Each structure stands twice: as C-alpha cells, then as structure tokens.
1. With 10 angstrom as the radius, rank 274, 68 by how many other C-beta atoms surround their C-beta, starting from the fewest.
2. Relative to the compact-globule scaling 2.2 N^0.38 Å, provide the ratio for the alpha-carbon radius of gyration of the stretch 272-373.
3. Sorting check: for 438-448, 138-148, 466-476, 191-201, which peptide has the highest mean count of neighbouring beta carbons within 10 Å, and how do the rest follow?
4. Counting other beta carbons within 10 Å of each Cβ, put 391, 44 in order, fewest first.
5. Can you tell me how much longer the chain between residue 179 and residue 280 gets when fully stretched, taken as 0.36 nm per residue apart minus their C-alpha distance, in nm with one decimal?
6. Would you mind checking the tilt of helix 483-506 against the longest principal axis of the Cα atoms of the chain, expressed as 0 to 90 degrees and rounded to 10?
7. Can you pull the semi-axes for the stretch 153-199, root of five times each eigenvalue of the Cα gyration tensor, sorted largest first, whole Å?
8. Shape verdict for the stretch 107-254, please, from the Cα gyration tensor: rounded (a/c under 1.5), prolate (a/b greater than b/c) or oblate.
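Read the figures in this text as sums done on the coordinates, not as results from a lab. This is a predicted model, so every value here is computed, not measured. Cβ atoms come from the backbone with ideal geometry, glycine included; neighbour counts cover every protein chain shown.
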Ligand code: FAD
C-alpha cells in the first residue's frame, strides 16, 4: 500500500545535476527495483539564514536559482521532481525523517569545513532516527581522501608530486543520468503539501536576490542543460582542445578564450569526471597534444590538486594556522582595497578586470593573476584574504578550495615562491590587446584615449585628457600607487618576510640554512615553468 512506502531522500547541495550523480542514481535504482516499497524525494535545503551571512553576490544567487529550476525540470523528465525544504539542515532533518518515514539518505561528500560539520551533525541525527546514510565522492575526479592516503597521509604540495600520485589511481566510472522512475513511486502529499501545494517549490529570483540592482548581465546562465551545452561547444573544435595551452590564452579577449566551465563545475551542474572522460576521448584521436600543467586536462588537475590540499587543512582560507601558508605582514588600507574592488585604482587594465568581474561574475585566469598580484605582493601590499573575500562575493565560480589555493599562489604565500616575478599592470595586458579594446569596453570613460596611452592615461597631457573627454582626478582616478616604485619596495618586503619564515621554520638564522633541503621553500620546477611561460613576455620587456 502506498501509505506504507518508505522514503528515499537524495540531498542535493553541490552536484546540481542528474548525470554522473552516483548518490542520486543509488536511490533511483533502489526505488526502481522495489517500486511498491519506496518513494523518492530529491531535496535541496535552503537555509534562509545564509542569505544574511554568506558572501554571495546577486549574480551567483541568480546562477543558483537558475540551476535549481533546471534541476527540477530534469528530475521531472525522470518522473520525479525537486523538493526545496526551507530551514537549517539540523532543524529540518529530524522532522523530515519522521514525516516522510525515511529509510535512506544519500548525498555527495564535501571537503569544506562548514559542510563537513553540517554533514556530521545530520549523520548523527539520521543515526538517532534509524535512517541509513550513504555518501559518494563525485565532485572531483579523484577522492581527496584516497590521494592523501596514497601519499602516506599527506597532501602532495607540488603539482608534479600530485600527478605522480594520481596517475596510479583508477579513474571512476562516469554514470549516465538515472533511468526514469516508474509511475507509482511518487510520494503522496505530506501534511504540509496538503495545506499548501507549492510548499516545496523552487525559490523565485526575488526570494534569493536581496539587492537586484547589483545584478549584471546574465552571460552565463545556471543549470545542467546549459553546462552540457557549453561543454559540447567548448569541445567541438578538437584541434583547439588538443593544442590548448593555458599561458597562450588571453586574459583580455572580449569573448572568453577558455571554456568558462568553472561556474558549472563549482555548483556541480557539470561533472568534472565527465569533462575529463570527454577530454581523454578527444586526446586519443589526437596523439600529439598538449600536456599538464598547461593542457585542459592539466586545468582539471589543478582543481584536483587544490581540492586535495584543502581537504586536510581546515584553515586553508586564512593565513593564520594554515600549514601551507607563509606569514606575511600585510598592511591594512581600506581606501586602496575599496579602489581595487570597485575598479578605481587608476590602472585601466586592473580596473577593467575588476569591473568585468562585478558585472559578469567571471574573469579569465590570467586576469585573476594580474589583479591578485596587484592587490598583494605586486602593488598594494594588502592581504590575499581580503582579495579572496571580494572574489568570494563576486565570482560565479567561487569555490572555497580553489579561491584560497590560487590566492595563496598569486601572493606567493604557498605553492609558488618566485615573488620577484611581478606582473606589470601596464605591459601584461598590452601583450594580448595592443589597442586596448578590452579597456574601452569595461572602462568607457577612457574610450577615446588612443592605444598609445590607454594603458597609461597619466602620460596624456591635460590638454589631451580634455580632448579625449576624460580628465584624471575628475572623470577617472589618478593611479593610487606608482607601480614602478612600489613593486620594487614590495619585493624587498617579500624577501624580508621569506627570510623570517625560513628562520622560524628551520629554527636557524639565515646564514645557517641549507637551502636545498628547505623543502617548503624550494620552487617546484613544473610549477615554475607554468609561471615562467606566462611571464616570458614580461621579462623580455
Ligand atoms: P579553463 O581554463 O577552461 O579550465 C577548465 C577548468 O579547470 C576550470 O573550469 C576549473 O574548474 C579548472 N581550473 C582551471 N584553472 C584552475 C586553477 N588555476 N585552479 C584550479 N582549477 C582550475 N577557479 C574556480 O573555479 N573558483 C574560484 O573561486 C577560483 N578563484 C581563483 C582565484 C584566483 C586569485 C585565481 C588566480 C584563480 C582562481 N580560480 C578559481 C582558478 C581559475 O582562474 C578558474 O578556474 C578559471 O579561470 C575558470 O575559467 P575556465 O572554466 O574557462 O577555465
């Protein structure tokens, strides 16, 4: 009898997809095998409290809202639907377990400390209610726990070492979407649904976006459908895929020069394992292809690298108490931080990038390099944690492990240590956009500046500034620092900070240290070549 059927819950958090979703497939298979015994309820828990405390900008809320709507549609095609349950997980699960007579709860594992604490609490509640819990690792290609175990209990701290560990691991099987549920396994309405039929409906945009005035152009809509479409388009040119080398892509092209799969991977609208499999299929047909770290497979493996490192360090997103991170005495300059965050530094290339980020929610990797270096060790000497916070709010693809890991890299706080290689906020952008078309698009005040001085508007005379319709200090800011001077001072500050860190780590004075054996400060050769290639033009300058 339908009333006696027990409920199988799949709890979506990330992993907002039906393809390659082992935890979802598990409950679908179980219900299909015994349709008279089980009903299926895929849920997403929306905690209204997080709307207030989480650093999520309007564009990312919209991406989530679109992804939930799309997921509901995809589940409906499988004869199910998405149930949005509002409340804190620890508050709602005890009720759900009783109200729905739950037998099994499945979800995808997560390595973020907040999520791990939440999941442990829910697992304890489930145990107290006699509910079985099954978890599956499917957000990454490799299970970080296994990678760490294979590396003798420690996360590899260089990319090369990481590669040598994972190349011995078996690749997981990529799953198709689950088979459609038969009629009859849909749950009968619970007491809340009887009272209010739309109680579990997807949130509307206004319910999630508190400051709609901050919504920018919807260039990268959320959802699995769009993710798979984008994947197909990105991989349609096999020669482009096979010859992809990240350092040769442009930070400032008007249309993205890389895949922009990152927001879809972040929310799990797209399976990284599927992307990896599709890439491998293409590379088999093109034996002469680029290789990690610069290839597309190499990009996915950077993601895996940072995930593994982050999985064993709960303080991965901060300097203090973080085993990977050097301690650097950054300065507090709220005025400079604000200028950087809002694209008002007076350096047009930097400002264009930060404005693109605010409007569109995505910027190219090398553009992230330029602005992150500028904020930290290059120019402003402001902590990477501040930059991470701004990115956390504005990026569609904001990801705890990747954001922190890359900020540490760029600020030369961990993983990368060639702090003397500083990006020029003028020359770097010119390399791929001589005429300044990108700046004209995102800093329209400067649109009439000629190519000769659009990267350095301070070189125009006052008369010229008037003629170009943009006077510095009135229509566009004067530069807040002089790069030529400050970057040299900052290199000296970095050198001093490195010296102190070395002395603290080794317990020795500078002149007693054997540098070759000072592992954490030795630059990994592969990592270095990744950066070296990007910096070649700069060094030739
Ligand atoms: P592609 O070049 O097409 O690469 C394909 C995929 O590989 C990406 O979607 C991404 O999942 C992964 N990938 C590529 N580069 C990296 C990298 N360096 N580290 C880890 N994974 C990588 N990426 C995020 O997804 N979320 C973040 O919060 C994030 N914060 C960053 C902060 C800074 C300061 C920097 C320098 C980089 C950050 N990145 C972050 C990494 C990288 O810039 C983006 O993943 C990439 O630009 C996304 O564009 P794409 O999808 O076109 O990348």
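1. The order, fewest Cβ neighbours first, is 274, 68.
2. Rounded to two decimals, the normalised Rg is 1.43.
3. 138-148, 438-448, 466-476, 191-201
4. 44, 391
5. Gain on stretching residue 179 to residue 280: 33.8 nm.
6. Compared with the principal axis, the helix lies near 60 degrees.
7. Three semi-axes, in Å: 48, 18, 8.
8. oblate
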